Amino acid sequence: MTGSGDPLRELARERGRLMGELGVVPQDAAWARSEAEAIVSLTRRQLRIPAPLSRLLRRFARLVR
C-alpha cells in the first residue's frame, strides 16, 4: 500500500489489484455489485436483535415460506 492516509481508498486499490490478478474485469457487473455491497456493509451499524426475538423471527419466516 502507498500510505495515502485514506484507508478506504487504499482498501479499494488493494481489492482492485487482487481482483485483477484473479481475472475479474470492470465489465463484470455482478462482481462489482456484490463487492460494493460488501464494502458498504462494513460501514453500516449492525442491528443487534436479542436472541429470543431473533428465534421468533426465524420461526415466523419459516412459517410464511
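From its DSSP helices (H runs of at least four residues, each -39,500 (n - 2.57)), the chain gives a residue-normalised ellipticity at 222 nm of -22500 deg cm²/dmol. Against the set [x] 1.00; [y] 1.68; [z] 1.40, the structure's computed Cα Rg over 2.2 N^0.38 Å falls on [y]. Would you mind checking the tilt of helix 7-22 against the longest principal axis of the Cα atoms of the chain, expressed as 0 to 90 degrees and rounded to 10? In the chain, helix 7-22 runs at an angle near 80 degrees to the longest axis. Computed from point charges on the beta carbon alone (+1 for Lys and Arg, -1 for Asp and Glu), the dipole magnitude for the range 7-64 about its Cα centre is near 580 Debye.
Take each peptide in 25-37, 46-58, count the other Cβ atoms within 10 Å of every residue, and average; sorted highest first, the result is 25-37, 46-58.
Once the Cα atoms are used to define both axes, helix 51-64 deviates from the longest principal axis of the chain by about 80 degrees.
All of the numbers you see were taken from the coordinates with simple rules; none came from a lab. Fair warning: this is a prediction, and the values are worked out from it, not measured in the lab. Don't worry about glycine lacking a Cβ; one is built from the backbone with ideal geometry, like all the others, and counts go over all protein chains shown.
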